[in-house]
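Read the figures in this text as sums done on the coordinates, not as results from a lab. Predicted model, so just to flag it, every value in this text is computed and none were measured. Neighbour counts are summed over all protein chains in view; Cβ atoms, including those assigned to glycine, are modelled from backbone coordinates with ideal geometry.
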Amino acid sequence: MKKLVVTTMAILFATSIIFAQSEKYTMAIKKNLAAMDSSFKNPADLLKLANNFERIASAEKNQWLPYYYAAYCQVLYGFMEQDKDKVDQIADKATDLIKLADSLAPGNSEISCIKSMIASCYMMVNPMQRWQEYGGESTGNMEAAMQQDPTNPRPYFLKGQTLKYTPEGFGGGCKTATLALQTALDKYAMFKTASDIHPNWGKQQVVLLIKECK
Amino acid sequence: MKKLVLIGLVCCYSTVTAQNKVSGRITGNKNKPVLGVSVQLKDTYDGATSDSLGNYSFTTEETGEQALEVSSAGYFVILQKIKLDKLPVIQNITLKEQITELKAVVISAGSFEASDKNKGAVLSSIDIVTTPSANGDITSAFKSLPGTQQVGESEGLFVRGGTATETKIYIDGNLVNNFFYSSTPGIATRGRFNPFLFKGTIFSTGGYSALYGQALSSVLILESTDLPEKTQADVSVSVVGIGGGIQHLAKNKKSSWGMSFNHTNLFLAFKVIKQKQDFYKLPTFNEIDANFRMKTKNGGFVKYYGYLSQNSTAFRTNDLDSIVLKNSFGIKNINIYQNLNWKDRIGKGWRINTGVSFSTNKDDIANELQDATNQKVIIGAPAFYTNKNFNLVNTGVFAQARVVLEKKLAGLNAIRFGSDYFFSKEKSTYTTYNGFQFSQEVKDNLFAGFAETDLYITNNVAAKIGGRLEHSAIINKWNVAPRVSLAYKLATNTQASFAYGIFYQNPERRYLPSVASLDYSKATHYIFQFSQQTKDHTFRTEIFYKKYNQLYKTSRNATNQDIIANNMGFGDAKGLEIFWRDKKTIKNVDYWISYSYLDTKRDFLNFPAAIQPSFATNHTAAFVFKRFVLPWKTGFNLSYNFATGRPYYHIAYDNTLGKYAITDQGKTINYNSMSFSINYLPNLGKKDKTTFAVLVLGVTNVLNQNQIFTYNYNSTGSRKEAVTPPGRQFVFIGCFLSFGVDRTQDAINNNL
């Protein structure tokens, strides 16, 4: 009897540690996700968040989400960086992170979205010279994301966003962009996240972009 | 007992929650704070990011010996052991900067790079095609950069007081012996190769790397393109001919093959634009080329390029020695060039770059004196009339093998070494008016070994130090050529560079064989550069001094041929050059200006003393303007080239004195030339179109300015005639179509 109690206690205690551990992980991700919205105002905050996610990632080496979010924050930081000479380095960092996420969850639609964003980030440094190389890479990953998960609204959001900022003479402009953005919006309405720490961003921006186009 | 266990467990669990504060300051170079550095307690979530003052701080529940991992892009990662107990820990960290391509200084003294990728490139690869004065010719585009002369009567790049033969041209590391079409008197020929074959070009106006040799002044290094983006076919129709080709990309995108055919015939162009010469055989060119490219497992490449050309022309000019007679010159040329290259990573940081090339060239030249009815005339005396009737057949066989090994070391440091072997066999057969034949053959085996190291001491200081060793069978001596380049970053985007080197070159084939015991001709370069480069502007200025020693002197032999007599020639060149390119100040406009000042004198060949050679002028300037109007899908390009007049001489052999003397001299008028071109891309932006068209209109010498390159003298020197371009202007109209791939992106890259 004594033995049984001790064993039960021990098991209970052990599971509580594991539970506490995963609870700690979920809470950490959540806490940082909650800080995302306000961080858009300040690029330095984005870098801080990227580092926070990377820290979680390096402690939880089997989880793709922290690497994914770290890469996401890095690439957003790259888009916001005004000094074009620094962007390549940031995009390189984001590439390293998304590669790690990719190795843990290959063929993931969300990861392809980040890859597409990173390619766009490289391209923005010098669109005239880099269009050929990175424009294709960005579109390729966007299309891969659509195939990997047809319910994922984010590749459509990225497509709409890209089209909006492409001149009309080159097949862009608000008209074509709105089509893609509308598709994205429909998909957002149907989209169910796997958990509350899985990717679920972009809807607000889509609404905003559609508004801008009206 | 039960309770005890439980209490024990709870106690030990609660001790974990004790908090420790860790903080400190992170600095980099010169004790400056670094922002955005990630500080992490290894394998935990705990950590922070440094703020703009370099400060960080966080709390942790961990205890005992822990490692602090500090990382930031561009710096080496630092692991710092710390001990956590109840007291707050203060840990300052000094980061060490990584030497990265992005931050490091660029070794650039004496060299201009045209590339889409590399940092420090002055031109993009498309600039070569859209510079209107170049007319789609690779080397001509470089005449809009400082350091080159506006020589129009013969081909090649005349760099910093050097002759055209002092510039050597390499494709993928292999020397190209007949880069230009064979010379015709008074008319500059073009380069044989299509500019679209190359993705990158380095044009060195001096102080170049130990990997190259046998050029006293300059090297032009061309790097061929990798795999095409998609399978496609091209067709071109223009006033000078037609062409077509195909590039096939394998399904796995690992290899490609391609071939093309071009036929050039100047019938139409010469019909409309009157030529000074009477072309009784219009210039025609037939060319076939083929390529194969394969990506290797380790990201390297195997590339093959083969080229076959057959071309001919013949024209008459008024004979300078008489009033009624004409001089007729005809040439037939067959050229084959083949180049096989392998570039790869071979493990442990080693890279190999090896290649072989093989080429043959045959020129069949016929020269005749003709009367008013274009019939051949033979006049027995004086000899200068008699010698105008001749046949000359030149054949050349050239082969090269090359291997370069490179080891990448920490940072950007590298060492590379390798060797080159060149074989050449050139034979000329000269047939006089009465059928006598003289045949000469010159063979050479040239061996070269070289080694070079890239040293990056910090991101701000770099050096390239190398040396080259050569042995040529003709000279039968060894030469040792040291090369040094230094670069120092003065501020972000601003740097100073210096280059020094010794360069050796063999004599030109046409002055051989010589009976004298010869040495290599030699040049020593000193170059100092200051440059400032941002994304939108490039400013560069260079001053240089080049000393020539052991230049070849010629004398007349028994058969009235100029043959090398000794190595006692000498000379020097010094000057100042400025380059400014601006893509920002005027919206959508990209322009560059270059200016060169050159002061040079030399005593070589048949010069009686050290004089300013006829291929060098004191001031040269170029202006290039490019604008792409997006709504019109049209690019407008304009260029203006200017050069002050060049000296010209009549140097005659004085039989009584037994030496050469200047019997007449003068200076040409200034050279001015304005050219423009328009590129219209009708399918631009239509994303789904598989056909892409480019329509080109190019006009040279728009203002119809009088251009005199130099003067030709008759045999006695009593009469001279200006050497001018064959036609005052040239108008190029062409249409280039490609199927199967949308080249819009190309066009956007190229022209925006």
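At 0.36 nm per residue, and after removing the present C-alpha to C-alpha distance, how many nm does the segment from B:N434 to B:V324 gain when stretched out fully?
This chain segment gains 37.3 nm when fully extended.
Given the rule -39500 (n - 2.57) for each run of at least 4 DSSP H residues, summed and divided by the residues of chain B, what is its mean residue ellipticity at 222 nm, to the nearest 500 deg cm²/dmol?
Working: 6 runs with 40 residues, N = 752.
Here the helix-only value at 222 nm equals -1500 deg cm²/dmol.
If you average the C-alpha positions of region B:464-485 and of region A:28-63 separately, how far apart do those two centres end up, in angstrom?
What the calculation gives is 58 Å, centre to centre.
Step through the table entries A:K41/B:K30; B:K464/B:K535; B:K348/B:K522; B:K546/B:K626; B:K276/B:K659; B:K83/B:K103, compare each Cα-Cα distance with 29 Å, and write down the pairs that go over it.
A:K41/B:K30; B:K348/B:K522; B:K546/B:K626; B:K276/B:K659; B:K83/B:K103, as the Cα separations exceed 29 Å there.
If you place +1 on the Cβ of every Lys and Arg and -1 on the Cβ of every Asp and Glu, how big does the dipole about the Cα centre of the protein assembly as shown come out, in debye to the nearest 20?
Magnitude of the dipole: close to 1140 debye.
Trypsin sites (Lys or Arg not before Pro) within region B:270-371: which are DSSP loop residues with at most 13 other Cβ atoms inside 10 Å?
Passing sites in region B:270-371 are B:K274, B:K297, B:K348.
In region A:83-123, which residues have a backbone nitrogen under 14 Å from the label point lying 7 Å from A:N62's Cα in the Cα-to-Cβ direction?
Inside the label zone: A:104-105.
Could you pull the Rg and Dmax for chain B, using just the Cα atoms, both in Å?
31.5, 134
How much length would be gained if the chain were fully extended between B:S715 and B:Q375, taking 0.36 nm per residue of separation minus their Cα-Cα distance, in nm to one decimal?
120.2 nm
What fraction, in whole percent, of alpha-carbon pairs in region A:151-214 exceed 16 Å separation?
I get 41 percent for the Cα pairs in region A:151-214 exceeding 16 Å.
With viscosity set to 1.567 mPa s and temperature to 4 °C, compute the Stokes-Einstein D of region A:107-214, Rh being the Kirkwood radius across alpha carbon pairs; µm²/s, no decimals.
Here the translational diffusion coefficient equals 92 µm²/s.
Subtract the Cα-Cα distance of B:V699 and B:K407 from 0.36 nm times their separation in residues, and report this length gain in nm to one decimal.
In short, 100.3 nm is gained.
Take B:R510 and B:K274, extend 7 Å from each Cα along the Cα→Cβ direction, and tell me the distance between the two endpoints in nm.
It works out to 3.1 nm between the two label points.
7 Å from Cα along Cα→Cβ at both B:K574 and B:V356: what's the point-to-point distance in nm?
Output for this residue pair reads 4.9 nm.
Could you run the Karplus curve 6.51 cos²θ - 1.76 cosθ + 1.60 with θ = phi - 60° over region B:139-146 and give me ³J(HN,Hα) per residue in whole Hz, x for Gly and Pro?
Once rounded to whole Hz, the list reads 5, 4, 4, 6, 6, 9, 9, x.
Could you tell me the calculated FRET efficiency between B:N445 and B:F267, based on Cβ-Cβ distance and R0 = 60 angstrom, to the nearest 0.05?
Calculated transfer efficiency: 0.85.
Which ordering of A:C213, A:C121 is given by a fewest-first count of other beta-carbon atoms within 10 Å?
The order, fewest Cβ neighbours first, is A:C213, A:C121.
Taking +1 at the Cβ of each Lys and Arg and -1 at the Cβ of each Asp and Glu, which of B:H263, B:L41, B:Q495 sits farthest along the dipole of chain B towards its positive end, judged by Cα position relative to the Cα centre?
The residue sitting farthest along the positive end of the dipole is B:L41.
For B:S111, what residues show an amide H to amide H distance below 5 Å, using hydrogens built from the backbone and excluding near sequence neighbours?
Those qualifying (amide H under 5 Å, at least 5 residues apart or on another chain) are B:T205.
Hey, what do the phi angles of region B:173-187 turn into as Karplus ³J(HN,Hα) couplings, whole Hz, using 6.51/-1.76/1.60 and θ = phi - 60°, x for Gly and Pro?
Computed from phi, the couplings for region B:173-187 are x, 9, 5, 10, 6, 10, 5, 9, 5, 4, 4, 10, x, x, 10 Hz.
Could you give the nm distance between label points at B:L469 and B:F739, where each point is 7 Å from its Cα heading toward the beta carbon?
5.7 nm
What is the angle, in °, between the Cα long axis of helix A:154-164 and the longest principal axis of the Cα atoms in chain A? Nearest 10 is fine, range 0 to 90.
20 degrees
For chain A, what does the helix formula give at 222 nm: sum of -39500 (n - 2.57) over DSSP H segments with n ≥ 4, over the residue count, nearest 500 deg cm²/dmol?
When only DSSP H runs of four or more count, the value is -26000 deg cm²/dmol.
Taking a spot 7 Å from the Cα of B:F642 along the direction of its beta carbon, which residues of region B:130-171 have an amide N less than 18 Å from it?
Within reach of a label on B:F642: B:133, B:143-151.
Within 10 Å of each residue's Cβ, count the other Cβ atoms and sort B:T585, B:T63 from fewest upward.
The fewest-first ordering by Cβ neighbours comes to B:T585, B:T63.
Please list 3J(HN,Hα) in residue order for region B:569-585, calculated via the Karplus relation 6.51 cos²θ - 1.76 cosθ + 1.60 where θ = phi - 60°; whole Hz, with x for glycine and proline.
These are the phi-based 3J(HN,Hα) values: x, 7, x, 7, 8, 9, x, 9, 9, 9, 9, 9, 10, 9, 10, 10, 3 Hz.
Taking each pair of different alpha-carbon atoms in the protein assembly as shown once, compute 1/r for the pair, average those values, and report the inverse of that mean as the Kirkwood hydrodynamic radius in Å to one decimal.
Roughly 32.4 Å, rounded to one decimal.
Computed from the mean reciprocal separation of all distinct C-alpha pairs, what Kirkwood hydrodynamic radius does region B:374-423 have, in Å?
Every distinct Cα pair counted, the radius reaches 16.6 Å.
Report the FRET efficiency, 1/(1 + (r/R0)^6), for A:D85 and B:D226, where r is their Cβ-Cβ distance and R0 is 25 Å, rounded to 0.05.
0.45
Can you grab the distance from the C-alpha centre of region B:529-576 to the C-alpha centre of region B:376-448, Å, no decimals?
Using only Cα atoms, the two centres lie 21 Å from each other.
Pick out, in residue order, every one of the trypsin sites (Lys or Arg not before Pro) in region A:142-196 that is DSSP loop and has at most 16 other C-beta atoms within 10 Å; say none if there are none.
Here the trypsin sites (Lys or Arg not before Pro) that fit, given the DSSP loop and packing criteria, are A:K192.
For chain A, with a Gaussian network of springs between Cα atoms less than 10 Å apart, report the residue from A:K93, A:K24, A:K84 with the top mean-square fluctuation.
Looking only at A:K93, A:K24, A:K84, the biggest GNM fluctuation is shown by A:K24.
Please rank A:M117, A:M190, fewest neighbouring Cβ atoms within 10 Å first, as an exposure proxy.
Neighbour counts put them in this order, fewest first: A:M190, A:M117.
What number comes out for the charge environment of B:T524, summing +1 per Lys or Arg and -1 per Asp or Glu over other residues with Cβ under 10 Å away? Each step should come with its number before you reach the end.
Numbers: positive: B:K522, B:K546, B:K547; negative: B:D572.
After counting each charged neighbour, the total is +2.
Among the Cys residues of chain A, which have no other cysteine Cβ under 4.7 angstrom away?
A:C73, A:C113, A:C121
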